[in-house]
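Q: Okay, here's the structure, questions in a sec.
The values are calculated or read from the model by the stated rules, or taken from the named source; none is laboratory data. Keep in mind it's a predicted model, so treat the numbers as computed, not measured. For neighbour counting, all protein chains shown are included, and Cβ atoms are generated from backbone atoms with ideal geometry for every residue, glycine included. The protein model used for the area step is the full one, side chains on, heavy atoms only, and it has no ligands, DNA or RNA in it. Shrake-Rupley method; radii C 1.70, N 1.55, O 1.52, S 1.80 Å.
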Amino acid sequence: MKFCCIMVYEEESVTSRRNQKERASSMDEIIFDTSMNELQLLEFLVGDEYFGINIAKVSEIIRFTELTPVPAAPEAIEGVFMHRDKLVTVIDLHAVLARPLQEEHGNGLFVVCDFEQFSVAFHVSSVLGIQRLMWSSIEKPPAVSKNADDSITTGMAKLEDKIIMILDFEKIICDLSLNPEFEQEGFDSIDIPHTLDLNRHLIIAEDSPFLCKVLIEALKNVGFKNTHPFYNGSDAWDYIKSKKGSPNLGNDVAAVISDIEMPQMDGHTLTRLIKEDKELKETPVFMFSSLIHENIRGRGDSAGADGQFARSQIGELINTLIEFLTK
């Protein structure tokens, strides 16, 4: 499979940066075509092993730069630096994954990502390029621990000559206490109407066991009793389809909460399939993802999503869910 390299270095001109933004904008059109169920994966090395991240999470790639150490920080947090008037925290994936930075890679590179209100740079050995893949070709990694929440991989792409592991970057960030613990905005204002049936069944499609657990616990704390988690969109769709024809469909599939990027089937495709089905089209579907921004919202709207929420908006998500279930 052919792929191309993209590198964005700090010494580029303003014009070059503007062109890069234009290319990134057009790239969004390709990555998030909801009829294609595909992604573009930025492939990189940590040590001598292959890993990947959805290119939609990447703002740019820059050369290694000198860092200011953070006192008493975990070993994996190398330090911080100022970049485009933003304070960026650097996470050393070599420390996280216990893979040494080899001499031939020099100081390595920083893959800069924006996660809602803060920026993180992941220190990698080298960047190899972009792989364009179908989500159906991404498989769930085998369980290597009795506790699935311990895993920091959410999928693996099997190519002819290699396997690329897709990391759970949100979990890595949370494990290092960088994320403000999924601020539960709106929880204080949640009001449970007496007419709301908390026994209705909610479908959760989320490939990160860690994030799935966070969401389910939040729903249970409010009082919802029946949640059905699935770790990819395809399994969630199979379950939802199995309920078609049921006289209790509105109870068995009361609402769907879905991540966007998942193995086998992405959240936009899952949403579109539900909304194009005559029996299921009235089912509320909510996107819950770290990829929620202007361009992605347009893709969610096109697929038919009833609401789109960032990871820190669990309270707002639950408030909206309650509104839909009490209409």
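Q: Mind ordering 239-245, 156-162 by average Cβ neighbours within 10 Å, highest first? Present the calculation step by step, with values, prior to reporting the outcome.
A: Numbers: 239-245: 15.0, 156-162: 12.6.
The densest-packed peptide leads the list: 239-245, 156-162.
Q: Suppose accessible area is computed on protein heavy atoms with a 1.4 Å probe; arrange D85, D92, D306 from highest to lowest.
A: D85, D306, D92
Q: Pairs of Cα atoms under 8 Å, at least six residues apart: use those to get the relative contact order of the stretch 67-114, whole percent.
A: Reported as a whole number, the value is 24 percent.
Q: Assuming 0.36 nm per residue, please report the length gained on full extension of the stretch D175 to A72 beyond their Cα-Cα distance.
A: 35.5 nm
Q: Separate question: Let a ≥ b ≥ c be the square roots of the eigenvalues of the Cα gyration tensor of the stretch 41-126; is it rounded (a/c under 1.5), or, if not, prolate (a/b larger than b/c) or oblate?
A: It is oblate, given that a/c is not under 1.5 and a/b is not larger than b/c.
Q: E279 label point, 7 Å along Cα→Cβ, cut-off 12 Å on backbone N: hits in the stretch 190-208?
A: Within reach of a label on E279: no residues.
Q: Over the stretch 201-270, calculate the relative contact order: mean separation of alpha carbon pairs under 8 Å at least 6 apart, over the residue count, as a percent.
A: This gives 46 percent for the stretch 201-270.
Q: Among rounded, prolate and oblate, which fits the stretch 182-327 when a ≥ b ≥ c are the square roots of the eigenvalues of its C-alpha gyration tensor, a/c under 1.5 means rounded, and a/b larger than b/c means prolate?
A: rounded
Q: Among R63, R311, R297, R200, what's the order by accessible area (1.4 angstrom probe), most exposed first?
A: Largest accessible area first, the list is R63, R297, R200, R311.
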